[in-house]
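Undergrad: Sharing a structure with you now.
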Amino acid sequence: MSSPIVKLVAQRIALGILLLLAVSVLIFAGTQILPGDVAQAILGQSATPESLANLREQLGLNQPAYIRYFHWLGGVLTGDLGTAMSSGQDIATSIKERLWNTLFLAFWAAIVAIPLAIILGLIAVRYRNGWVDKLISGVALASTSFPEFFIGYLLVFYFAVQHQWFPAISTVYEGMSLGERLQAIALPAAALTLVVLAHMMRMTRAAILNVMQSAYVETAELKGLSAFAVIRKHAFPNAIAPIINVVMLNLAYLVVGVVVVEVIFVYPGMGQYLVDHVTKRDVPVVQAVGLIFAAVYISLNIIADIAAIVANPRLRHPK
Amino acid sequence: MTNELDYLSRRVAAGKLSRRDFLGRAAALGVTAPFANSLLSSAARAAGPVKGGTLKAGLVGGESTNSLDPALMMTQVPFAFGKCWGEMIVELSPDGKLENRIAEEIGASDDAKTWTLKIRDGIEFHNGKTVTAEDVAATLERHSDEKSKSGALGYMKGIETIKASGKEVVLTLKEPNADLPYLLSDYHLIVQPNGGKDKPDAGIGAGPYKVKVNEPGVRHVGERFANYWQGDKMGHADQIEVVVINDATARTAALQGGQVNMINRVEPKIVDLIKRVPGVTIRNHSGPGHYVFIMHCNTAPFDNNDLRMALKLAIDREEMLNKVLRGYGSLGNDFPINASYPLFTEIEQRKYDPDKAKFHYKKSGHDGSILLRTSDVAFPGAVDAAQLYQQSAAKAGIKLEIKREPGDGYWNEVWNKQPFCASYWGGRSTQDQMYSTAYLSSADWNDTRFKRPDFDKMVLAARAELDEAKRKAIYHDMAVMVRDEGGLILPMFNQFIDATGPKVAGWVDDPHQELSNGYALAKCWLEA
């Protein structure tokens, strides 16, 4: 590894951390701008002026906002996300399990979606502009264009109600075996796969097609390599950077964009947890979840950037 | 295929299909005659409770913020699970009478101010301790304490002293109250060891099921409590499970797919479709819940009784009942009481009358449009209902302007704050409770701002009256007053619409709350 690449990577990571800090400021500011006061929200209808004053004191709401921000940030950095207002439970403990569930679902959706998208993309390139290409693109685009809840309900109707192959609700809990868990998440994972498939597939197809115009591909063809061998050996490695980029973006989406799918399938993940607490105006939880989502998004993007740098010879050996 | 067989065999049991036809259809489905016969006999044998199995309910109304502390129960899931693990002092029986549970006997002094509860022997908590008078007294004390934030605090404030001596608990009230036993049936008042003062959310009660899993917002599991004092009447399944399914479509799909045995809150607009699903039974029954439009009697233009009357006459109740509730409800009459309350008296039904409405509207002297706020969360179909109201009012020359408010924040920002909006009430178990909660001048939730000292006096008089006939007369006068002078427009009472899947037996219709007043999991069983 040359030193410019180390420098580039270090820069990316530093930028990511800065970005995350900026996001944390935004999240904190956003929740402060929300109408109403946290103490009022906790006490609700039965609030008396004295109890409001007491609670404000107790929560440190009388301090200026920037002090509260650094307090919060310090807590987050040491792993203390605070306690939920509505239930008084430690946020870090309750989020841990939820986050694990969300990652579990995202992982299995990704395991299916990424290879499937890339293979479909390769096939589409091989038979470009033919009926196979059009069919693949058409189906993938259609499944992406439908809203997630619609796909979710369709899957439920078909596979849970009509044929009863999979459960309609995806409640998972401790003590379930891996097999049971996989069966439970089959439908939401399928819904997520359908949602992210087209983007990755189309990007794979476009990136490879782009490379296919190059002279060296023509040379390879003239050498007499089969169409698939040309794509696999010459086109794909050179098109990998944009593909990794779009894969990472979609991975991020699988983690942070699952709110609707989790609600439809009653999956106990972060999305459902966030929705519950937003309706209760439970600000500490909303802040914590927001920050985690932002961290996932930013780190996956950094990984995409770094992978793109490493994969691209021009970036690897800048002139 | 099994679904279809199940369905057919129940049709035979119900006398709608002959045995011969059944066997023919079964053969067409590829089932051998002996097996088909055995199916038939199991459908026909609807004998006593069957012990065993796991009974699952998929319910709306649970959040990750729920707690096992009975004082904090508010939504349907903690309520229904609470009835499984908790035991009450008294309970309302399905026929509207009082049923003594932990209290074996309840007696009142002549002035209805001192009440004595005699505690039943031999009831055991899940931790092995016996339920004592001290536990009952401590429970009541905890719920009377401001700090407990109990949902029952409103009524409990009326108790001055609570004393346990031997097997008795003696309560002295600040004001006489003939309804005290009904108030003690409030679902928050689950008796806990030492009243739950040590650990309010321990989940230890004396109910038919022990708490085994408690994952708020996800699921709750109960395991049969072997020493339950009424094991022959409740606690038939070995295990019960509540799965939180807040999405209506997912709930229905879970019932159809067989993941749960019962669900609550079936939407009226899909009842007719669900009914046709083989194996599914709709359990609908009317209760005290009602959908309303509320006007603040002290805010212009609603401070004019002619305008209020015009708006009451300008609503087409029949149409609303048929279109919004699809007939799953009953007509409202602008006072919050119906036949599900004790001491109810029928009053002439108010009808849609555009001409009379026009007359009163003119007399009120009001001009211009009236702003009505509504939202999806006000009640299911509230936006449609407001639009129907707009049209029926237009025929009477009254212009309603509808504003659709976001569901988030509706109960904080609109209800009980804005002068005219859509809302709902779940109802209470007695007339006194209902009127005290929302129609007394001093009530926090007086959401119609109906402030009438003469009405307040009637509420207090009825409360202290032990003579039923006299009480009934007072309640009648109160109802007439709210109906003709109040700010309540009550087009319809809704029904609880629950549904059960195949093989669920033992369902009891109960007018007090949904899911057999929360007891469905404890009272139902799975047929073998």
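Undergrad: Kindly indicate whether residue A:149 is within 14 Å of chain B (Cβ to nearest Cβ), more than 19 Å from the chain's Cα centre (by Cα), in a helix (DSSP H, G or I) and at negative phi.
TA: No, not satisfied.
Undergrad: What helices (runs of 4 or more DSSP H) completely inside the stretch A:213-319 contain at least 1 residues that are farther than 26 Å from residue A:144 by Cβ?
TA: Output list reads A:215-223, A:227-230, A:236-256, A:270-279, A:283-311, A:313-316.
Undergrad: So, in the stretch B:391-424, of the ones that are in a loop (DSSP other than H, G, I, E, B) and among the hydrophobic types (A, V, I, L, M, F, W, C), which residue ends up nearest to the other protein chains (Cβ to nearest Cβ)?
TA: That would be B:415.
Undergrad: Could you please find all residues in the stretch B:308-352 being over 28 Å from the mean Cα position of the chain (by Cα) and modelled with pLDDT under 95?
TA: none
Let's see how each residue does on (1) within 14 Å of another protein chain (Cβ to nearest Cβ); (2) buried (at least 22 other Cβ atoms within 10 Å of the Cβ):
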| position | (1), (2) |
| --- | --- |
| A:238 | no, no |
| A:241 | no, no |
| A:247 | no, yes |
| A:250 | no, yes |
| A:253 | no, no |
| A:259 | yes, no |
| A:273 | yes, yes |
| A:302 | no, no |
| A:310 | no, no |
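Undergrad: Name the pairs whose Cβ atoms lie under 7 Å apart, with the first residue in the stretch A:122-144 and farther than 23 Å from residue A:217 by Cα, the second of a type in the set (Val, Ile, Thr) and part of a helix (DSSP H, G or I), and 6 or more positions between them or separate chains?
TA: If the second residue must be of a type in the set (Val, Ile, Thr) and part of a helix (DSSP H, G or I), the pairs left are A:136/A:123; A:143/A:151; A:144/A:195.
Undergrad: Also: Of the residues A:289, A:217, A:296, which single one is buried (at least 18 other Cβ atoms within 10 Å of the Cβ), more than 14 Å from chain B (Cβ to nearest Cβ) and within 30 Å of residue A:14 (Cβ to Cβ)?
TA: On the way: A:289 fails: more than 14 Å from chain B (Cβ to nearest Cβ); A:217 fails: within 30 Å of residue A:14 (Cβ to Cβ).
Result: A:296 is the single residue among A:289, A:217, A:296 that is buried (at least 18 other Cβ atoms within 10 Å of the Cβ), more than 14 Å from chain B (Cβ to nearest Cβ) and within 30 Å of residue A:14 (Cβ to Cβ).
Undergrad: Tell me yes or no: at least one residue of the stretch B:79-102 is crowded, with 17+ Cβ neighbours inside 10 Å, within 14 Å of chain A (Cβ to nearest Cβ) and within 20 Å of residue B:512 (Cβ to Cβ).
TA: For the stretch B:79-102, residues crowded, with 17+ Cβ neighbours inside 10 Å, within 14 Å of chain A (Cβ to nearest Cβ) and within 20 Å of residue B:512 (Cβ to Cβ): absent.
Undergrad: Among the residues of the stretch B:415-437, what is the count of those that are touching a Leu at 6+ places or on another chain (Cβ under 9 Å) and more than 18 Å from residue B:513 (Cα to Cα)?
TA: Selection size over the stretch B:415-437: 5.
Undergrad: Then there's this: Being touching a Lys or Arg at 6+ places or on another chain (Cβ under 6 Å), more than 27 Å from residue B:219 (Cα to Cα) and in a helix (DSSP H, G or I) narrows it down to one residue among A:132, A:139, A:125; which is it? Quick ask: steps written out before the conclusion?
TA: Values: A:132 fails: touching a Lys or Arg at 6+ places or on another chain (Cβ under 6 Å); A:139 fails: touching a Lys or Arg at 6+ places or on another chain (Cβ under 6 Å).
Checking each option against the conditions leaves just A:125.
Undergrad: Mind checking whether some residue in the stretch B:147-159 is in contact with a strand residue (DSSP E or B) (Cβ under 7 Å, 6 or more places away or on another chain) and either part of a loop (DSSP other than H, G, I, E, B) or within 14 Å of another protein chain (Cβ to nearest Cβ) (or both)?
TA: Filtering the stretch B:147-159 down to residues in contact with a strand residue (DSSP E or B) (Cβ under 7 Å, 6 or more places away or on another chain) leaves B:158-159.
Add one more test, that the residue is either part of a loop (DSSP other than H, G, I, E, B) or within 14 Å of another protein chain (Cβ to nearest Cβ) (or both), and what stays is B:158.
Taking every residue of the stretch B:147-159 in turn, at least one turns out to be in contact with a strand residue (DSSP E or B) (Cβ under 7 Å, 6 or more places away or on another chain) and either part of a loop (DSSP other than H, G, I, E, B) or within 14 Å of another protein chain (Cβ to nearest Cβ) (or both).
Undergrad: Continuing with this model, one more query. Determine, yes or no, whether residue B:271 is within 14 Å of another protein chain (Cβ to nearest Cβ) and within 30 Å of residue B:434 (Cβ to Cβ). Before the answer, list the steps.
TA: Values: within 14 Å of another protein chain (Cβ to nearest Cβ): no; within 30 Å of residue B:434 (Cβ to Cβ): yes.
Criteria not met by residue B:271.
Undergrad: Can you go through B:226, B:250, B:237, B:202 and tell me which one is over 22 Å from the mean Cα position of the chain (by Cα), outside any helix (DSSP H, G or I) and crowded, with 21+ Cβ neighbours inside 10 Å?
TA: Being over 22 Å from the mean Cα position of the chain (by Cα), outside any helix (DSSP H, G or I) and crowded, with 21+ Cβ neighbours inside 10 Å holds for just one of B:226, B:250, B:237, B:202, which is B:237.
Undergrad: Report whether or not residue B:233 is more than 25 Å from residue A:150 (Cβ to Cβ) and more than 13 Å from chain A (Cβ to nearest Cβ).
TA: In short, yes.
Undergrad: Only residues that are over 28 Å from residue B:306 (Cα atoms) and not β-branched (Val, Ile, Thr): list them for the stretch B:473-498, please.
TA: B:495, B:496, B:498
Undergrad: Take the stretch B:66-78 and flag every residue that is under 17 Å from residue B:145 (Cβ atoms) and within 14 Å of chain A (Cβ to nearest Cβ).
TA: The answer is B:67, B:69, B:71, B:72, B:73.
Undergrad: Among the residues of the stretch A:74-90 satisfying the criterion of being within 23 Å of the chain's Cα centre (by Cα) and part of a helix (DSSP H, G or I), which is nearest to residue B:68 (Cα to Cα)?
TA: A:76
Undergrad: Taking residue A:93 and the conditions (1) at pLDDT 85 or above; (2) closer than 30 Å to residue A:175 by Cβ; (3) over 24 Å from the mean Cα position of the chain (by Cα), which numbered condition does it fall short on, given that it satisfies the others?
TA: (3)
The values are calculated or read from the model by the stated rules, or taken from the named source; none is laboratory data. Every value quoted in this text rests on a predicted model; they were computed, and no experiment measured them. Virtual Cβ from ideal backbone geometry, glycine too; neighbours counted across all protein chains shown.
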